[in-house]
Amino acid sequence: MGGPNSPLKSGDSPRLLQIGGAPRSACVTERARRARVGPRPNVFVTRRLPGGALERLGERVDAKVWPGEGAPSPEELRREARRSQGLLCLLTDRIDSPLLDRCRDLRVISTCSVGVDHIDLAAASARGIPVGYTPGVLVETTADLAFGLLLAASRRLVEADRFVREGGWTPDRSWDPGLLLGRDLWGATLGVVGLGAIGQAVARRGQGFGMRVLGWTPSRRPVPGVEPVEFAALLEAADFVSLHVALAPETRNLIDARALARMRPGAVLVNAARGGLVDEEALADALRGGRLAAAGLDVFAHEPLDRDSPLLRAPNLVLTPHIGSASVATRARMADLAVDNLLAGLERRPLPHCANAAALG
Ligand code: DGY
């Protein structure tokens, strides 16, 4: 994107990319069109997105796209959102009440994520602003990653890779019966915390691997092939625990020192949902003390992970940088859905996926 074949061209701000708007030679035609149908809405997109969705957006709106690898600063976000009728954001952009107070023209917020904990939904609803999100399209991809972490942590794959690369695999250890022993998934018990679409997809993978699958979900909704249990019973019985609940005040630090102490000695914990679900200091202690055999984390309380996080020094821990939905096809589908939501909101149509539909009535 932004290369010679891209529709992106430098915008009026030296740092933003602009898509949409008329090329110079089309100015007269464009003026006539604007007089007929009114100006195209202004949209701020807080990151370049994979796939062709932004090109499609550029055909309908005047969009400014933040060109950096990272998120725009809060000041930059405020400045651009203030001038926009549509905001297409990511989970790294905090959309709160003070920001919305400045955005008098905003008609729609569309986040390219299934999680909406970075957006004050109540504040958006109070201002009549629909919030679009991207459920459904990232379910299987995120479940693959969670299961990948489970396998990597239990079979010590990262450690094994390091062992080979760093020259540990010497002729005298060409096949060592005690080398890098891990834990079997087959025959073990998987506890799935949260049985929404992603939790259910992880449960199916567990069943495919010959695991007994227990599940706890706040709604107590039954799921075929999953034995429903209370949260404490799940922690006490599961050899592997995988988290799939949303981050909310009642789930923050769900896995704290007490919960970790309840887990089976030698259990493995995986979190590909939201960082705030796990007390990271307590998890580092549990890994250091050998209470847990291993863990795999894709999400963290502060992202990117602080360089002085105790997790970086904890043993038997596989870390990935929030890549649950990071497949080529899924990220393109998320971007498409985010653009669909945005265009619907700009045209005052119901959003295909609206996180605050109930509150808007
Ligand atoms: C989301 O969309 O909320 C995910 O965390 C991104 O992978």
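Worth a mention:
- Derived value for the chain: Kirkwood hydrodynamic radius 22.4 Å. Basis is the mean of 1/r over every pair of different alpha-carbon atoms.
- Asp306/Arg102 FRET efficiency (R0 35 Å; Cβ-Cβ; nearest 0.05): 0.70
- Scaled against the 2.2 N^0.38 Å expected of a compact globular protein of N residues, the Cα radius of gyration of segment 129-204 reads 1.60.
- Max mean-square fluctuation residue, GNM over the chain, Cα-Cα springs under 10 Å, options Arg83, Arg173, Arg262: Arg173
- Gyration tensor (alpha-carbon) shape descriptor, segment 88-224, a/c threshold 1.5: oblate
- Protection proxy ranking of 233-242, 346-355, by the mean of other Cβ atoms within 10 Å over each peptide's residues and highest first, is 233-242, 346-355.
- When its C-alpha radius of gyration is set against 2.2 N^0.38 Å (N residues), segment 186-251 gives a value of 1.00.
- Between Leu49, Leu185, Leu312, the Gaussian network model of the chain with springs among Cα atoms under 10 angstrom shows the greatest mean-square fluctuation at Leu312.
- Note on the chain: GNM, Cα springs under 10 Å; of Ser84, Ser110, Ser309, the largest mean-square fluctuation is that of Ser309.
- Largest first, the three principal axis extents of the alpha carbons in segment 312-361 are 51, 27, 12 Å in whole numbers.
- Note on the chain: helix-only mean residue ellipticity at 222 nm, from DSSP H runs of 4+ residues weighted -39500 (n - 2.57) and normalised by residue number, equals -9500 deg cm²/dmol.
- Taking the inverse of the mean 1/r over every pair of distinct Cα atoms in segment 139-319 gives a Kirkwood hydrodynamic radius of 16.6 Å.
Only the coordinates and a few stated rules stand behind these numbers; no lab work does. Quick caveat, the model's predicted, so the values are computed rather than measured. Note that each Cβ is placed from the backbone with ideal geometry, even for glycine, and that neighbours are counted across all protein chains shown.
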